[in-house]
Every structure is written in structure tokens, then in C-alpha cells.
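FYI, it's all coordinate maths here, none of it is from the lab. Since the structure is predicted, the reported quantities are computational estimates derived from the model, not experimental observations. Quick reminder, even Gly has a Cβ in these numbers, built from the backbone with ideal geometry, and neighbours come from all protein chains shown.
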Amino acid sequence: MFRDASELQVGPELRLKTTSTMPFSIVMPALEMAQETGKLLAWRKKEGDTVSKGEPLLEIETDKAVVEVEAPADGVLAGIKASEGAEIPVGQTIAWIVAAGEQPPTDSRSIASTARARTGVAAQSNGQEPVTTSSGDSNATARISPKARRLAKALGFDISALAGSGPDGEILASDVQQAAANRSKPDRQQSRLENPSTVARIMAERTLQSWTTVPHFFVSRDIDASALNRYRSLIASEVGPAHNFSVTHTDLLVALVSRVLLKHPRLNASWSAEGIRLHDSVNMAIAVAVEDGVAAAVIQNAHIASLAEIAERRLQLSERAKAGKLRPSDIADATFTISNLGMYKVDRFSAIITPPQSAILAVGAIADRVVAHDGRPAVRPILTLTISCDHRVVDGARAAMFLNDLVAAMEQPSKVLSAEQ
């Protein structure tokens, strides 16, 4: 199968810039920042199957979710070199799509290198670093990924004492984790060792990285949610029957927060080595609990979406996340995150920022509390909001002003949203 040269980008479809002398290579994509490997969960097609461009080809597990990868072209799936369950470096060729009767390239390593050199496909190196070992020949070297090096340093392992299971003896993070498991001493009491999934492991590493490298600070506000409850009840009779789904408090918060963020660009920003990147659009990530972790599903352009559109999109993303069928575009380009634990009866909590975002909003349960109202004690439905901020981007005053405007919007949601519905 041959194609004219074309400029295509790596994305949800794993598209490549191909030449007339090469079939289409399928490589492990880089779907997220700092991703070094991906876990191949399942092939949706088998060797020799005919595939059509755009249909699901395989499932990959990242630190955020399970995502489906689509076929980049029409043809026949051939030369599969990775089995289900394998942890694969980013950029490594795992299969080919060829024309009927065409054979896939046999030298996968050189072909993959050539393809990456020509296309720039997720083509950054998988980050292997040479390291001199002290056993045997003093000139002997092994290769180690940055992830494995960081993990070994954190756990206090001598790299030279580790055996690598990767290609050419490369030391992988899994080798360090296995060494740590072997070193641990059993407790006198009975216990069992649970092996976290790839999602849980990478989430733990990213959480540690955020907590230890991002200077967090937290600002909280209690709000009387009476107006929010009344507005939700009001629109339930309009949006629900018309669209066959209900509007939740999370949907209302997504709509209101997105619009308030337009007035506070530092809260809708990203920290980078070049400086503070301000975003014109609000792509709202919603933390969704899934097995063995949390998926951050993204509602694109939430600041201009209607409440009904937000509710419908949130429902679709939640269903796909819980089914392990999120697409790469479902978790991409978030500029702000809302984490709502109200449904679990949590009164208040502080969330950890997802880099490079500058903030995340933690939402507790709406619960009746006795508060002062017009100089008298009264029972009111109170909601606690806590904003976690990156102090490199946001200062305390900016965080406080954002919460002030958000509380004002929540106390008059009809004023903010009714004209748009």
C-alpha cells in the first residue's frame, strides 16, 4: 500500500507522514506530557484482518484512562510485534498496515528509526540513558529510562545492582519496582501484596511529582447553596424531559466556573519553562472515578457550551470512562479541573493540581448546617469550595477574587446562565 507524501500529525488516529516507499507503521503514541511508555491492553483486530481508516484498532492504557486508538489507513494489519499486556516505549513500531499481498518490513528497528526520523511521530526518544555499571567489565554499560532512574533514586537502589529486562538489557521502571518488592520484608502478621495497574502506578508517580514540584496553596469558601438548588430544580423540568437526561450540580458548576474563569485568566493558565501560558478557551476536566484510579475527562470549550450541552457531554464522558473506552481526544488539552466528592458525602477536601494546569477546584457535599442568617441561627444547605493553586502562577489575592466571583455567580445562577439556555 502506497501513499503520496502528506503532512499529518500524530493524534487520536496515529496518523503518519508517509512516503511512497513505505507502508503505514503503527507505533506506541505519546498521548500525554512526559509519557515514556504505554501498556497495550487489547488488539481489536488480529494479524491478517482487513481494517478501515478510523475504526478502532487497539486499546492503550495511560495514567489517566484506557483509550482507543484508530487505524490510520485502509489496508491489512500485519507484522504485529507486541502482545497484549506488554509495556511498550513511546515511538516503538508494534505493527504495520500494508496493502493486500504486501509484506511488512522485516527489520522493524531500522524501519522504525527511519520512520521516526522522517515523520517526527511521537518521535522523541523514549528517554533511555546510558549508565556505567560496576560489575564485571568497568567499561560495560546498560541503558536506563529516566523514569526508572528517578524511581531507583527515590527507593535508594544502586543502579549497577539492577538487572534490566528491556531491549538490549535496558533497565525499566518495572525492574526497579520488582527489586523493591523482592527487598521488602514480610510482616509478622499475614499480608498480601497487591500489584497496582499501570494507571494506578503512573497516577501515583504523577501525583508525587505534582506534590513535590508544584508549590501548592489552598483557599476555601463556604456558600449557601439555596439558589443553586432552586435553579437546578427549575431547569430539571425543562432540560430533563427535552433531552432525556438530568442536570447535576457538577454540570451547573462546570457552566458557572467556566464563565467565571474568563475573568480570571491566571486560574485558566499553565506553567511552562518559557513562562505562564494563558488560555483563551476553557477546556474543563472533570475527575471521574474509575477502577483503580481517576480519569480526567475533558469538556472542550465549556465556557461557550449551553447547560444542556455540558450535561450531555459529561454523561457521555462518564459512561465511556467507566467502560474503559475513553478516546485520546476525551482526555486532551484540559486547562482547569473540577473534582467533586459531594456524592460521597465528603464535606471538604483539598485536591492536588494536575500539571501544567495552575489550579483545581475541590467540591464537597451540600449539607444542612446551622449558620448565622440575618443575625439569627438558621439551617441552610452549605457547600464548601476549595481552590488549590500553583503559587508560581496564582497568588492568594487572585485566588480569593476568583472564589468571590464564583460565589456571586452561584448565588445568582439564573442571571449568569438563563440568557444563554
Q. Which residues in region 389-405 have a backbone N closer than 11 Å to a point placed 7 Å from the Cα of residue 217 along the Cα-to-Cβ line?
A. 389-400
Q.
Tell me whether region 369-421 comes out rounded, prolate or oblate; compute the Cα gyration tensor, take square roots of the eigenvalues as a ≥ b ≥ c, and use a/c under 1.5 as the rounded threshold.
A. oblate
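Report the calculated FRET efficiency for residue 195 and residue 329 (r = Cβ-Cβ distance, R0 = 30 Å), to the nearest 0.05.
Working: r = 30 Å, r/R0 = 1.01.
With a Förster radius of 30 Å, E is 0.50.
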**Q.** In order through region 79-94: 3J(HN,Hα) via Karplus (6.51 cos²θ - 1.76 cosθ + 1.60), integer Hz, x for Gly, Pro
**A.** x, 5, 10, 9, 9, 4, x, 6, 9, 10, x, 4, x, 7, 5, 10
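Answer rounded, prolate or oblate for region 255-307, using the Cα gyration tensor with square roots of eigenvalues a ≥ b ≥ c: rounded when a/c is under 1.5, else prolate when a/b is larger than b/c, else oblate. Before the final figure, lay out the partial values.
Numbers: a/c = 2.75, a/b = 1.24, b/c = 2.21.
Cα axes put region 255-307 in the oblate bin.
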Q | FRET E, pair residue 263, residue 234, Förster distance 30 Å, beta-carbon r, rounded to 0.05 | A | 0.75
Q: Give the shape of region 228-344 as rounded, prolate or oblate, defined through the alpha-carbon gyration tensor: a ≥ b ≥ c are the square roots of its eigenvalues, a/c under 1.5 means rounded, and otherwise the shape is prolate if a/b is larger than b/c and oblate if not.
A: oblate
Q: Can you check what the net charge comes to around residue 409, using other residues whose Cβ is under 11 Å from the Cβ of residue 409 (Lys, Arg +1; Asp, Glu -1)?
A: +1
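Determine the gain in length on full extension of the stretch residue 391-residue 272; use 0.36 nm per residue of separation and subtract their C-alpha separation, reporting nm with one decimal. Don't skip to the end; give the middle numbers.
On the way: separation 119, 0.36 × 119 = 42.84 nm, distance 1.33 nm.
My answer for the length gained is 41.5 nm.
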Q. Nearest 0.05, what FRET efficiency do residue 415 and residue 102 give at R0 = 41 Å with Cβ-Cβ as r?
A. 0.05
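Highest mean first, how do 262-275, 86-99 rank when packing is the count of other Cβ atoms within 10 Å averaged over residues? Provide the component values of the computation, followed by the final result.
Numbers: 262-275: 15.9, 86-99: 20.9.
The densest-packed peptide leads the list: 86-99, 262-275.
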**Q.** Potential lengthening between residue 181 and residue 84 on full extension [0.36 nm per residue; Cα-Cα distance subtracted]
**A.** 32.5 nm
